[in-house]
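The values are calculated or read from the model by the stated rules, or taken from the named source; none is laboratory data. Source: prediction; values computed, not measured. Positions of Cβ are generated from backbone atoms using ideal geometry, with glycine treated the same way; all protein chains shown enter the neighbour counts. SASA here: full protein model, heavy atoms, side chains in, ligands and nucleic acids out. Shrake-Rupley method; radii C 1.70, N 1.55, O 1.52, S 1.80 Å.
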Amino acid sequence: MASILSPAPGNVGVVRSIDDKIYVGLRPLSTRTYVAVARGSKARPFAVVRASSEKEVSVKSSGLSIEECEAAAVAGKFPDPPPLYRPQGPKGTPVVQPLPLSRRPRRNRKSPALRAAFQETTLSPSNFVHPLFIHEGEEDVPIGAMPGCFRLGWRHGLLEEVYKARDVGVNSFVLFPKIPDALKSQTGDEAYNDNGLVPRAIRLLKDKYPDIVIYTDVALDPYSSDGHDGIVREDGVIMNDETVHQLCRQAVSQARAGADVVSPSDMMDGRILAIRMALDAEGFQDVSIMSYTAKYASAFYGPFREALDSNPRFGDKKTYQMNPANYREALVETEADEAEGADILLVKPGLPYLDIIRLLRDNSSLPIAAYQVSGEYSMIKAGGVLKMIDEEKVMMESLLCLRRAGADIILTYFARQAASVLCGMKGN
Ligand code: PBG
(Lines give C-alpha, C1' and ligand atoms only; values in the text may rest on other atoms or scores of the structure.)
Protein backbone atom coordinates (compact mmCIF):
# COMPACT_ATOMS: atom_id res chain seq x y z
CA MET A 1 0.00 0.00 0.00
CA ALA A 2 1.36 3.39 -0.93
CA SER A 3 0.45 6.32 1.22
CA ILE A 4 1.17 9.99 0.99
CA LEU A 5 2.89 10.91 4.18
CA SER A 6 0.50 13.62 5.12
CA PRO A 7 0.75 13.17 8.83
CA ALA A 8 -2.64 14.52 9.70
CA PRO A 9 -5.57 16.26 8.10
CA GLY A 10 -5.38 20.00 7.93
CA ASN A 11 -1.68 19.96 7.36
CA VAL A 12 -1.78 21.75 4.08
CA GLY A 13 1.37 23.39 2.94
CA VAL A 14 3.59 20.69 4.36
CA VAL A 15 3.11 17.92 1.97
CA ARG A 16 1.60 20.12 -0.65
CA SER A 17 -1.28 18.18 -2.14
CA ILE A 18 -0.77 16.63 -5.51
CA ASP A 19 -1.85 19.08 -8.17
CA ASP A 20 -2.94 16.94 -11.11
CA LYS A 21 -2.31 19.75 -13.57
CA ILE A 22 1.41 19.47 -13.00
CA TYR A 23 1.74 15.99 -11.55
CA VAL A 24 3.46 13.62 -13.97
CA GLY A 25 4.35 10.62 -11.88
CA LEU A 26 6.40 9.02 -9.17
CA ARG A 27 10.15 8.74 -9.27
CA PRO A 28 11.63 6.03 -7.04
CA LEU A 29 14.10 7.24 -4.45
CA SER A 30 14.65 3.87 -2.86
CA THR A 31 12.80 0.58 -2.95
CA ARG A 32 10.02 1.98 -0.82
CA THR A 33 10.14 5.72 -1.24
CA TYR A 34 8.99 7.72 -4.20
CA VAL A 35 8.75 11.40 -4.93
CA ALA A 36 5.97 13.01 -6.88
CA VAL A 37 7.43 14.85 -9.82
CA ALA A 38 6.01 18.04 -11.30
CA ARG A 39 5.88 18.72 -15.01
CA GLY A 40 8.76 20.59 -16.55
CA SER A 41 10.18 21.64 -13.24
CA LYS A 42 13.57 21.03 -11.79
CA ALA A 43 12.15 22.22 -8.51
CA ARG A 44 12.24 20.04 -5.44
CA PRO A 45 9.74 17.19 -5.28
CA PHE A 46 6.37 18.31 -4.01
CA ALA A 47 5.35 15.19 -2.20
CA VAL A 48 7.04 12.16 -0.81
CA VAL A 49 5.19 8.91 -1.15
CA ARG A 50 6.31 5.90 0.77
CA ALA A 51 5.27 2.32 0.25
CA SER A 52 4.20 0.76 3.50
CA SER A 53 7.07 -1.15 5.01
CA GLU A 54 4.87 -3.62 6.85
CA LYS A 55 3.18 -6.68 5.49
CA GLU A 56 -0.53 -5.93 5.45
CA VAL A 57 -2.15 -9.30 4.97
CA SER A 58 -1.18 -12.88 5.49
CA VAL A 59 -3.29 -14.13 2.55
CA LYS A 60 -1.37 -14.02 -0.69
CA SER A 61 -2.73 -11.93 -3.53
CA SER A 62 -3.22 -13.73 -6.83
CA GLY A 63 -1.25 -10.91 -8.39
CA LEU A 64 -3.82 -10.29 -11.12
CA SER A 65 -4.27 -6.83 -12.61
CA ILE A 66 -7.54 -4.96 -12.08
CA GLU A 67 -8.58 -5.85 -15.63
CA GLU A 68 -7.80 -9.53 -15.07
CA CYS A 69 -9.74 -9.51 -11.81
CA GLU A 70 -12.72 -7.94 -13.57
CA ALA A 71 -12.55 -10.38 -16.48
CA ALA A 72 -12.33 -13.34 -14.13
CA ALA A 73 -15.32 -12.09 -12.13
CA VAL A 74 -17.36 -11.49 -15.33
CA ALA A 75 -16.52 -15.01 -16.42
CA GLY A 76 -17.97 -16.24 -13.11
CA LYS A 77 -14.62 -17.22 -11.64
CA PHE A 78 -14.47 -15.96 -8.07
CA PRO A 79 -11.54 -16.45 -5.79
CA ASP A 80 -11.85 -19.31 -3.32
CA PRO A 81 -12.51 -18.37 0.30
CA PRO A 82 -9.31 -18.13 2.33
CA PRO A 83 -8.10 -21.61 3.35
CA LEU A 84 -9.03 -22.88 6.78
CA TYR A 85 -5.44 -23.89 7.36
CA ARG A 86 -4.07 -22.33 10.54
CA PRO A 87 -0.44 -21.24 10.57
CA GLN A 88 1.50 -23.23 13.17
CA GLY A 89 3.58 -22.04 16.09
CA PRO A 90 7.15 -23.27 16.49
CA LYS A 91 7.81 -26.84 17.61
CA GLY A 92 7.13 -27.18 21.31
CA THR A 93 4.30 -24.60 21.35
CA PRO A 94 1.77 -25.81 23.96
CA VAL A 95 -1.57 -26.96 22.59
CA VAL A 96 -4.34 -25.16 24.48
CA GLN A 97 -8.05 -24.50 24.24
CA PRO A 98 -8.72 -20.90 23.07
CA LEU A 99 -9.42 -18.68 26.08
CA PRO A 100 -13.14 -17.85 26.27
CA LEU A 101 -12.65 -14.12 25.86
CA SER A 102 -15.47 -11.79 24.88
CA ARG A 103 -12.97 -9.04 24.22
CA ARG A 104 -9.63 -9.33 22.46
CA PRO A 105 -8.27 -5.79 22.10
CA ARG A 106 -5.51 -7.09 19.81
CA ARG A 107 -8.10 -7.51 17.02
CA ASN A 108 -8.08 -3.73 16.52
CA ARG A 109 -4.29 -3.66 16.30
CA LYS A 110 -4.03 -6.39 13.69
CA SER A 111 -2.82 -4.44 10.68
CA PRO A 112 -1.36 -1.04 9.84
CA ALA A 113 -4.65 0.03 8.24
CA LEU A 114 -6.66 -0.90 11.35
CA ARG A 115 -4.15 0.74 13.66
CA ALA A 116 -4.24 3.90 11.57
CA ALA A 117 -8.05 3.87 11.58
CA PHE A 118 -8.25 3.71 15.36
CA GLN A 119 -5.38 6.04 16.19
CA GLU A 120 -6.77 8.51 18.71
CA THR A 121 -4.07 11.15 18.57
CA THR A 122 -2.14 12.58 15.66
CA LEU A 123 0.90 14.75 15.34
CA SER A 124 1.23 17.39 12.69
CA PRO A 125 3.77 20.15 11.97
CA SER A 126 0.88 22.57 12.45
CA ASN A 127 0.91 21.66 16.16
CA PHE A 128 4.48 22.81 16.65
CA VAL A 129 5.81 26.15 17.83
CA HIS A 130 9.52 26.47 17.12
CA PRO A 131 11.53 28.34 19.79
CA LEU A 132 14.39 30.34 18.29
CA PHE A 133 17.30 31.94 20.12
CA ILE A 134 18.53 35.16 18.53
CA HIS A 135 21.42 37.51 19.11
CA GLU A 136 22.90 40.68 17.68
CA GLY A 137 25.84 38.97 15.97
CA GLU A 138 26.16 37.96 12.33
CA GLU A 139 27.12 34.33 12.93
CA ASP A 140 25.06 31.45 14.28
CA VAL A 141 26.65 30.28 17.52
CA PRO A 142 26.12 26.66 18.62
CA ILE A 143 24.66 26.20 22.11
CA GLY A 144 26.83 23.72 23.97
CA ALA A 145 24.12 22.27 26.19
CA MET A 146 21.61 21.95 23.35
CA PRO A 147 23.15 20.02 20.44
CA GLY A 148 21.59 21.14 17.16
CA CYS A 149 20.44 24.52 18.53
CA PHE A 150 22.07 27.85 17.80
CA ARG A 151 21.92 31.43 18.84
CA LEU A 152 20.90 32.71 15.43
CA GLY A 153 22.09 35.97 13.96
CA TRP A 154 18.85 37.91 13.61
CA ARG A 155 19.68 39.23 10.13
CA HIS A 156 20.76 35.97 8.49
CA GLY A 157 20.46 32.72 10.41
CA LEU A 158 17.03 33.59 11.75
CA LEU A 159 15.54 34.17 8.30
CA GLU A 160 17.12 30.97 7.01
CA GLU A 161 15.90 28.85 9.91
CA VAL A 162 12.35 30.14 9.47
CA TYR A 163 12.56 29.37 5.75
CA LYS A 164 13.60 25.78 6.44
CA ALA A 165 10.95 25.27 9.10
CA ARG A 166 8.21 26.58 6.84
CA ASP A 167 9.32 24.17 4.18
CA VAL A 168 8.26 21.29 6.43
CA GLY A 169 5.04 22.94 7.58
CA VAL A 170 6.10 24.72 10.77
CA ASN A 171 4.60 28.19 10.71
CA SER A 172 4.73 29.24 14.36
CA PHE A 173 7.78 30.60 16.14
CA VAL A 174 8.66 31.98 19.55
CA LEU A 175 11.65 34.27 19.96
CA PHE A 176 14.15 34.32 22.83
CA PRO A 177 16.79 37.05 22.75
CA LYS A 178 20.34 36.94 24.09
CA ILE A 179 20.83 40.48 25.30
CA PRO A 180 24.34 41.95 25.72
CA ASP A 181 25.22 42.58 29.38
CA ALA A 182 25.64 46.29 28.68
CA LEU A 183 21.90 46.58 27.96
CA LYS A 184 20.77 44.73 31.06
CA SER A 185 19.55 46.66 34.07
CA GLN A 186 17.80 46.04 37.36
CA THR A 187 14.48 47.22 35.94
CA GLY A 188 14.92 45.51 32.56
CA ASP A 189 13.95 48.59 30.55
CA GLU A 190 15.48 47.24 27.35
CA ALA A 191 12.50 44.84 27.31
CA TYR A 192 10.29 47.58 25.90
CA ASN A 193 12.73 49.32 23.59
CA ASP A 194 10.79 49.50 20.30
CA ASN A 195 14.08 49.19 18.43
CA GLY A 196 15.43 46.40 20.60
CA LEU A 197 16.48 43.02 19.25
CA VAL A 198 13.09 41.30 19.52
CA PRO A 199 10.98 44.07 17.90
CA ARG A 200 13.55 44.37 15.09
CA ALA A 201 13.52 40.61 14.50
CA ILE A 202 9.71 40.53 14.51
CA ARG A 203 9.54 43.33 11.95
CA LEU A 204 12.06 41.63 9.70
CA LEU A 205 10.29 38.27 9.91
CA LYS A 206 6.84 39.74 9.33
CA ASP A 207 8.13 41.62 6.33
CA LYS A 208 9.63 38.50 4.79
CA TYR A 209 6.98 35.96 5.87
CA PRO A 210 3.74 37.83 6.62
CA ASP A 211 1.74 34.65 7.16
CA ILE A 212 3.77 33.15 10.01
CA VAL A 213 2.60 33.30 13.61
CA ILE A 214 5.04 35.00 15.95
CA TYR A 215 4.88 34.30 19.67
CA THR A 216 6.99 36.37 22.03
CA ASP A 217 8.25 35.75 25.54
CA VAL A 218 7.09 38.32 28.08
CA ALA A 219 9.41 38.32 31.09
CA LEU A 220 12.32 40.43 32.26
CA ASP A 221 15.00 37.76 32.73
CA PRO A 222 16.92 38.25 29.44
CA TYR A 223 17.02 41.99 30.22
CA SER A 224 17.57 41.83 33.98
CA SER A 225 21.05 42.28 35.41
CA ASP A 226 19.79 40.12 38.29
CA GLY A 227 18.72 37.32 35.95
CA HIS A 228 15.22 37.26 37.46
CA ASP A 229 11.89 37.47 35.67
CA GLY A 230 10.94 40.53 37.70
CA ILE A 231 12.38 43.54 39.51
CA VAL A 232 14.33 42.56 42.63
CA ARG A 233 13.82 44.62 45.80
CA GLU A 234 16.82 45.35 48.01
CA ASP A 235 15.79 42.56 50.38
CA GLY A 236 15.71 40.07 47.50
CA VAL A 237 11.92 39.98 47.06
CA ILE A 238 10.66 39.94 43.46
CA MET A 239 8.26 42.88 43.20
CA ASN A 240 4.97 41.78 41.67
CA ASP A 241 2.93 44.80 40.64
CA GLU A 242 5.91 46.91 39.56
CA THR A 243 7.11 44.02 37.40
CA VAL A 244 3.64 43.69 35.85
CA HIS A 245 3.86 47.34 34.87
CA GLN A 246 7.09 46.63 32.97
CA LEU A 247 5.62 43.50 31.38
CA CYS A 248 2.70 45.51 30.03
CA ARG A 249 5.11 47.90 28.34
CA GLN A 250 7.07 44.94 26.96
CA ALA A 251 3.95 43.25 25.58
CA VAL A 252 2.71 46.45 23.94
CA SER A 253 6.12 47.04 22.37
CA GLN A 254 6.11 43.49 20.95
CA ALA A 255 2.56 43.95 19.65
CA ARG A 256 3.55 47.22 18.01
CA ALA A 257 6.32 45.35 16.16
CA GLY A 258 3.79 42.84 14.84
CA ALA A 259 3.72 39.97 17.36
CA ASP A 260 0.65 37.75 17.04
CA VAL A 261 0.72 36.13 20.48
CA VAL A 262 2.44 37.56 23.53
CA SER A 263 3.36 34.91 26.09
CA PRO A 264 3.99 35.96 29.69
CA SER A 265 6.35 33.36 31.19
CA ASP A 266 7.11 35.34 34.33
CA MET A 267 4.47 33.92 36.76
CA MET A 268 3.66 37.28 38.38
CA ASP A 269 0.12 37.51 39.77
CA GLY A 270 -2.46 39.44 37.78
CA ARG A 271 -0.35 39.96 34.70
CA ILE A 272 -2.83 38.52 32.20
CA LEU A 273 -5.57 41.04 32.97
CA ALA A 274 -3.09 43.91 33.11
CA ILE A 275 -1.52 42.96 29.78
CA ARG A 276 -4.96 42.47 28.17
CA MET A 277 -5.96 45.95 29.27
CA ALA A 278 -2.68 47.48 28.12
CA LEU A 279 -2.94 45.84 24.70
CA ASP A 280 -6.57 46.87 24.26
CA ALA A 281 -5.84 50.44 25.31
CA GLU A 282 -3.31 50.64 22.47
CA GLY A 283 -5.70 49.13 19.92
CA PHE A 284 -4.21 45.61 19.94
CA GLN A 285 -7.50 43.79 20.50
CA ASP A 286 -6.38 41.16 17.97
CA VAL A 287 -3.14 40.25 19.70
CA SER A 288 -3.56 37.03 21.71
CA ILE A 289 -2.15 36.13 25.09
CA MET A 290 -0.68 32.70 25.73
CA SER A 291 -0.27 32.50 29.48
CA TYR A 292 2.35 30.32 31.08
CA THR A 293 -0.36 29.18 33.47
CA ALA A 294 1.41 26.33 35.25
CA LYS A 295 5.11 27.03 35.05
CA TYR A 296 7.09 25.08 37.58
CA ALA A 297 10.40 25.98 39.25
CA SER A 298 12.18 23.29 37.31
CA ALA A 299 15.74 22.07 36.92
CA PHE A 300 14.86 21.18 33.35
CA TYR A 301 15.45 24.82 32.28
CA GLY A 302 19.22 24.57 32.78
CA PRO A 303 20.33 24.41 29.14
CA PHE A 304 18.04 27.33 28.21
CA ARG A 305 19.60 29.55 30.83
CA GLU A 306 23.00 28.67 29.43
CA ALA A 307 21.77 29.53 25.94
CA LEU A 308 20.68 33.00 27.01
CA ASP A 309 23.18 33.45 29.80
CA SER A 310 20.15 34.24 31.97
CA ASN A 311 20.87 32.31 35.16
CA PRO A 312 19.61 34.14 38.24
CA ARG A 313 22.57 35.96 39.80
CA PHE A 314 21.35 34.85 43.24
CA GLY A 315 18.72 32.59 44.68
CA ASP A 316 16.18 30.70 42.63
CA LYS A 317 12.76 31.33 41.09
CA LYS A 318 10.72 29.49 43.71
CA THR A 319 8.83 32.55 44.96
CA TYR A 320 7.12 32.96 41.63
CA GLN A 321 7.38 29.68 39.69
CA MET A 322 5.32 26.78 41.06
CA ASN A 323 6.45 24.00 43.36
CA PRO A 324 6.91 20.78 41.32
CA ALA A 325 5.12 18.92 44.12
CA ASN A 326 1.85 20.73 43.48
CA TYR A 327 -1.12 19.65 41.40
CA ARG A 328 -4.22 21.43 42.76
CA GLU A 329 -2.42 24.76 42.65
CA ALA A 330 -2.41 24.53 38.85
CA LEU A 331 -6.18 24.90 39.01
CA VAL A 332 -5.88 28.13 40.98
CA GLU A 333 -3.68 29.52 38.21
CA THR A 334 -6.03 28.17 35.52
CA GLU A 335 -9.05 29.86 37.05
CA ALA A 336 -7.20 33.16 37.34
CA ASP A 337 -5.87 33.09 33.78
CA GLU A 338 -9.27 32.18 32.33
CA ALA A 339 -10.97 34.94 34.26
CA GLU A 340 -8.30 37.45 33.27
CA GLY A 341 -8.73 36.72 29.57
CA ALA A 342 -5.93 34.37 28.48
CA ASP A 343 -6.41 32.87 25.02
CA ILE A 344 -4.13 29.84 25.45
CA LEU A 345 -2.97 28.12 28.65
CA LEU A 346 0.54 26.67 28.82
CA VAL A 347 2.07 23.97 30.99
CA LYS A 348 5.83 23.82 31.45
CA PRO A 349 7.89 21.60 31.48
CA GLY A 350 6.16 19.01 29.31
CA LEU A 351 6.82 15.31 29.70
CA PRO A 352 7.34 15.19 33.49
CA TYR A 353 4.09 17.18 33.86
CA LEU A 354 1.65 15.20 31.72
CA ASP A 355 -0.79 15.03 34.63
CA ILE A 356 -0.92 18.82 34.74
CA ILE A 357 -1.56 19.02 30.99
CA ARG A 358 -4.46 16.60 31.45
CA LEU A 359 -5.70 18.56 34.45
CA LEU A 360 -5.88 21.77 32.45
CA ARG A 361 -7.37 20.02 29.43
CA ASP A 362 -10.19 18.61 31.59
CA ASN A 363 -10.84 21.86 33.41
CA SER A 364 -10.73 24.42 30.66
CA SER A 365 -12.14 24.75 27.20
CA LEU A 366 -9.27 26.96 26.11
CA PRO A 367 -6.49 25.61 23.87
CA ILE A 368 -3.66 24.04 25.87
CA ALA A 369 0.02 24.40 25.05
CA ALA A 370 2.83 22.24 26.38
CA TYR A 371 6.47 23.34 26.48
CA GLN A 372 8.95 20.53 25.93
CA VAL A 373 11.76 22.47 27.57
CA SER A 374 15.49 22.60 26.97
CA GLY A 375 16.40 19.90 29.52
CA GLU A 376 13.93 17.46 27.99
CA TYR A 377 15.36 18.17 24.55
CA SER A 378 18.96 17.80 25.65
CA MET A 379 18.32 14.51 27.45
CA ILE A 380 16.83 12.95 24.33
CA LYS A 381 19.68 14.33 22.21
CA ALA A 382 22.31 13.05 24.62
CA GLY A 383 20.69 9.62 24.82
CA GLY A 384 20.67 9.50 21.04
CA VAL A 385 24.29 10.57 20.66
CA LEU A 386 25.37 7.93 23.18
CA LYS A 387 23.28 5.39 21.26
CA MET A 388 21.36 4.53 24.39
CA ILE A 389 18.03 5.27 22.76
CA ASP A 390 16.75 5.76 19.24
CA GLU A 391 16.65 9.57 19.19
CA GLU A 392 14.15 9.90 16.40
CA LYS A 393 11.66 7.39 17.77
CA VAL A 394 11.87 8.80 21.29
CA MET A 395 11.45 12.32 19.92
CA MET A 396 8.29 11.39 18.02
CA GLU A 397 6.87 9.37 20.91
CA SER A 398 7.47 12.14 23.43
CA LEU A 399 5.66 14.65 21.19
CA LEU A 400 2.76 12.29 20.57
CA CYS A 401 2.45 11.71 24.32
CA LEU A 402 2.20 15.43 24.96
CA ARG A 403 -0.65 15.55 22.46
CA ARG A 404 -2.33 12.53 24.04
CA ALA A 405 -2.17 14.18 27.46
CA GLY A 406 -4.20 17.05 26.01
CA ALA A 407 -1.86 19.58 24.44
CA ASP A 408 -3.09 21.28 21.28
CA ILE A 409 0.24 22.88 20.51
CA ILE A 410 3.76 22.00 21.58
CA LEU A 411 6.67 24.37 21.96
CA THR A 412 9.63 22.17 21.10
CA TYR A 413 13.21 22.53 19.96
CA PHE A 414 12.51 19.43 17.87
CA ALA A 415 9.91 21.30 15.79
CA ARG A 416 11.81 21.26 12.51
CA GLN A 417 13.38 17.84 12.97
CA ALA A 418 10.06 16.23 13.90
CA ALA A 419 8.21 18.00 11.09
CA SER A 420 10.84 16.72 8.65
CA VAL A 421 10.18 13.19 9.82
CA LEU A 422 6.42 13.71 9.42
CA CYS A 423 7.04 14.87 5.85
CA GLY A 424 9.24 11.89 5.08
CA MET A 425 12.26 14.13 4.66
CA LYS A 426 14.67 12.78 7.20
CA GLY A 427 18.09 14.15 7.96
CA ASN A 428 17.01 17.68 7.22
C1 PBG B 1 12.11 32.79 31.19
C2 PBG B 1 11.95 31.52 30.44
C3 PBG B 1 12.60 30.32 30.75
C4 PBG B 1 12.25 29.41 29.79
C5 PBG B 1 11.38 30.05 28.91
N6 PBG B 1 11.20 31.37 29.34
C7 PBG B 1 13.58 30.01 31.82
C8 PBG B 1 13.26 30.29 33.19
O9 PBG B 1 12.11 30.45 33.61
O10 PBG B 1 14.22 30.37 33.96
C11 PBG B 1 12.75 28.00 29.74
C12 PBG B 1 12.62 27.27 28.47
C13 PBG B 1 13.43 26.05 28.37
O14 PBG B 1 14.08 25.58 29.32
O15 PBG B 1 13.43 25.50 27.27
N16 PBG B 1 11.06 33.61 31.35
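Computing the accessible area with a 1.4 Å probe over protein heavy atoms, can you report the carbon and sulfur percentage for region 302-428? Looking at region 302-428 in its full context, I get 53 percent from C and S. For a modelled paramagnetic label at residue 113, 7 Å from Cα along Cα-to-Cβ, the residues of region 59-75 in reach, with backbone nitrogen under 15 Å, are 59-63.
Percent of alpha carbon pairs in the chain separated by more than 43 Å?
25 percent
Simple rule: put +1 on each Lys or Arg Cβ and -1 on each Asp or Glu Cβ in the chain, find the dipole, and look at 132, 112, 414; the Cα lying farthest toward the positive end is 112.
The loop-placed trypsin sites (Lys or Arg not before Pro) in region 201-300, going by DSSP, that have at most 11 neighbouring Cβ atoms within 10 Å of their Cβ come out as 233.
Inter-label distance, residue 269 to residue 164: 4.5 nm, where each label sits 7 Å from its Cα along the C-beta direction. Bridges between two residues of the chain, per DSSP, are antiparallel at a rate of about 30%. Share of carbon and sulfur in the accessible area of region 80-171 stands at 56%, probe radius 1.4 Å.
Over the chain, dividing the summed -39,500 (n - 2.57) contributions of all DSSP H runs of at least 4 residues by the number of residues returns a 222 nm mean residue ellipticity of -9000 deg cm²/dmol. Taking 7 Å along the Cα-to-C-beta vector as the label spot, tell me the residue 96-residue 68 distance in nanometres, rounded to one decimal. Here the modelled spin labels are 4.2 nm apart.
Computed with a 1.4 Å probe over protein heavy atoms only, the accessible surface of the chain comes to 53 Å² per residue. Protein-only accessible surface at a 1.4 angstrom probe places the residues 265, 61 in the order 61, 265, largest first. In this rough spin-label picture, where each label sits 7 Å from Cα along the Cβ direction, the residue 241-residue 343 distance is 2.9 nm.
For region 103-157, a/c is not less than 1.5, where a ≥ b ≥ c are the root eigenvalues of the C-alpha gyration tensor, and a/b tops b/c. That puts it in the prolate class.
Net length available on complete extension from residue 85 to residue 313 is 74.7 nm, with 0.36 nm assigned per residue and the Cα-Cα distance removed.
Pair-distance distribution P(r) for region 357-428, from all Cα-Cα distances in 5 Å bins starting at 0: 3, 16, 24, 23, 17, 10, 5, 2, 0 percent.
Selection among 143, 99, 71 by position relative to the dipole of region 63-150 gives 99 as farthest towards the positive end (Cβ unit charges, Cα centre). Identify all aspartates and glutamates with a Cα-Cα distance to residue 317 below 12 Å; exclude those on the same chain that are fewer than 8 residues away in sequence. Correct list for residue 317: 221, 226, 229, 266.
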